[in-house]
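Q: Sharing a structure, written as structure tokens. Questions coming.
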Amino acid sequence: MPSQPLTSTGRLIPFLGRPHTDVAPADAGLAPAERLRRRCASGFGNGRDGPVADAASLAARLYQELRAIHALALDEFYLALHDLYRFARARGRSALINGPGVGSAVAHRLGLSPVDPVRHRLPFEGYLDPGRTFPPVQQLCVSGGGLPELAADFRSEHGLPDPDLSGPPDRVYTREWHPPAGGRAARAAIELLEHPGLGVIARTAALVRDRRGADAAPDGLPDDDPATLAVFQSGETDDVFGFGGHDTRDVLPRATPNGVDDLAAVLAVTSSLAGDARDEWLDGPGESQLAIPEVTEVLAPSRGVLLYHEQVMELARRVAGLDPADGMRLVKLLWKRDADGIAEFRQRFLQGARERGIESGGADQMFDLITRRGPSTVCRANHLTAAVLGYQIAWLKAHFPAEFGDGAT
């Protein structure tokens, strides 16, 4: 393996664990919204993935998200989250956020998320819907222990009060939040969480550096590395974080995953929610649900099977011309098994499809698929994040097995 740092191919993000090198942003005198905009433009997170393949799409996406964040009065919340991320990184920790927010271009640009939402066509409205009425509670996952001390040091340096003793001990930040769309005020919060997978990568890379003098940080890996995929295709993943469950190890050899999209789908179909789609995903869907051209592209990352919230949202937009936020509302109606709400949404869906020239039979068929599979769909952004980290761990296992064995224990 190379003794020099790996060159990013742009296929996968850099590992979010190199020594922190960012210069503190000189933006203290600016309004929060402008501070956040400038940090996104600068890519202050050390989680950048090289040249932007579609700069225009990224710029448009960032503009939309920053407007939504400002409308939700969450500029300072995101700045605090980024400050905590930088604080953890400056103390040698690897860090990333957890939850639906990983599908945000703002989070990706700040280095908080390993998932490029433009490349993966992930809508942000599920998390940043301006009509949101409940406060965000965001977790920042870090490598290593000592979280209460890390949280206390951050609060002290930034002049933040200690959290309410009734809350989680590693809650770092809370702020009263008033939903602009109406509703009761509540507390927005940021919590620290230890992430074992990040720790395995950091320890293994350190062992390789000490023993071999090589840089093994899994930066910018191609997602079709044969040795790494062989680890998954063999099902020998009991020591690969996120892929160690019996069901997952059983499915992997049958799935023969060929990249991160397939690995995310494996995690989805072996989850408690989307498990009923396992055989359909492994065997391939019937041709009937692929009859509409707009649908084929949306379902392509999951082999033609509807697995994700984000796919429901995109289908609502592409087939019926509805707003992605409406698509997320449909997901919530399906979760609740709200028959009246679903029936009302069907009429809007069919009308929108007709206006876009899609035959009623095809639109009916598509909505039937959504109502059948929608209640058990899962968040694709979360599963992509877990797949990226699992892939990076498997790459270390494949190429540095001795150090990996010691780093994983």
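Q: Counting only residues that are open to solvent by less than 10 Å² (accessible area, probe 1.4 Å), without any contact (Cβ under 8 Å) to a residue 60 or more places away in the chain and aromatic (Phe, Trp, Tyr), give me the helices (runs of 4 or more DSSP H) lying completely in region 72-149 with at least 3 of them. Give the derivation first.
A: Numbers: elements: 75-90, 105-109, 125-128.
It comes to none.
Q: Of these, 362, 374, 390, which one is of a type outside the set (A, V, I, L, M, F, W, C) and farther than 30 Å from residue 112 by Cβ?
A: Numbers: 374 fails: farther than 30 Å from residue 112 by Cβ; 390 fails: farther than 30 Å from residue 112 by Cβ.
The conditions single out 362.
Q: Next up: Which of the residues belonging to region 226-244 are open to solvent by 30 Å² or more (accessible area, probe 1.4 Å) and either part of a helix (DSSP H, G or I) or more than 21 Å from residue 406 (Cβ to Cβ) (or both)?
A: Selection gives 226, 227, 230, 233, 234.
Q: Can you go through 73, 107 and tell me which one is at pLDDT 90 or above, under 25 Å from residue 130 (Cβ atoms) and over 20 Å from the mean Cα position of the chain (by Cα)?
A: Working: 107 fails: over 20 Å from the mean Cα position of the chain (by Cα).
Answer to the check: 73.
Q: Hey, any hits in region 380-397 for a residue that's modelled with pLDDT under 95, touching a strand residue (DSSP E or B) at 6+ places or on another chain (Cβ under 6 Å) and of a type outside the set (Asp, Glu)?
A: Checked against the condition, which is being modelled with pLDDT under 95, touching a strand residue (DSSP E or B) at 6+ places or on another chain (Cβ under 6 Å) and of a type outside the set (Asp, Glu), region 380-397 yields at least one hit.
Q: Taking the condition of being aliphatic (A, V, I, L, M), surrounded by 21 or more Cβ atoms within 10 Å (Cβ to Cβ), modelled with pLDDT of 90 or more and within 19 Å of the chain's Cα centre (by Cα), how many residues in region 190-225 meet it?
A: Residues flagged as aliphatic (A, V, I, L, M), surrounded by 21 or more Cβ atoms within 10 Å (Cβ to Cβ), modelled with pLDDT of 90 or more and within 19 Å of the chain's Cα centre (by Cα) within region 190-225 amount to 4.
Q: In region 358-384, how many residues are in contact with a Gly (Cβ under 9 Å, 6 or more places away or on another chain), in a helix (DSSP H, G or I) and open to solvent by 10 Å² or more (accessible area, probe 1.4 Å)?
A: The qualifying residues number 3.
Q: Are any of the residues in region 166-175 closer than 25 Å to residue 197 by Cβ and touching a residue at least 60 places away in the same chain (Cβ under 8 Å)?
A: yes
Q: Is one or more of the residues making up region 339-348 closer than 30 Å to residue 205 by Cα, of a type outside the set (A, V, I, L, M, F, W, C) and open to solvent by less than 60 Å² (accessible area, probe 1.4 Å)? Steps first, answer last, please.
A: Of all residues in region 339-348, those closer than 30 Å to residue 205 by Cα come to none.
No, that holds for no residue.
Q: Additional query: Let me confirm something: among 210, 247, 162, which residue is out of contact with any strand residue (DSSP E or B) (no Cβ under 7 Å at 6 or more places or on another chain), among the acidic types (Asp, Glu), over 30 Å from residue 278 (Cα atoms) and part of a helix (DSSP H, G or I)?
A: Working: 247 fails: over 30 Å from residue 278 (Cα atoms); 162 fails: part of a helix (DSSP H, G or I).
Among 210, 247, 162, only 210 is out of contact with any strand residue (DSSP E or B) (no Cβ under 7 Å at 6 or more places or on another chain), among the acidic types (Asp, Glu), over 30 Å from residue 278 (Cα atoms) and part of a helix (DSSP H, G or I).
Condition check ((1) hydrophobic (A, V, I, L, M, F, W, C); (2) more than 24 Å from residue 56 (Cβ to Cβ)) across all residues:
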position	(1), (2)
72	yes, yes
82	no, yes
85	no, yes
89	no, yes
94	no, yes
107	yes, no
126	no, no
133	no, yes
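The values are calculated or read from the model by the stated rules, or taken from the named source; none is laboratory data. Keep in mind that this is a model prediction, so the values were computed, not measured. All Cβ positions, even for glycine, are placed from backbone atoms using ideal geometry, and neighbour counts span all protein chains on display. These area figures cover heavy atoms from the full protein model, side chains too; ligands, DNA and RNA do not enter into them. Shrake-Rupley method; radii C 1.70, N 1.55, O 1.52, S 1.80 Å.
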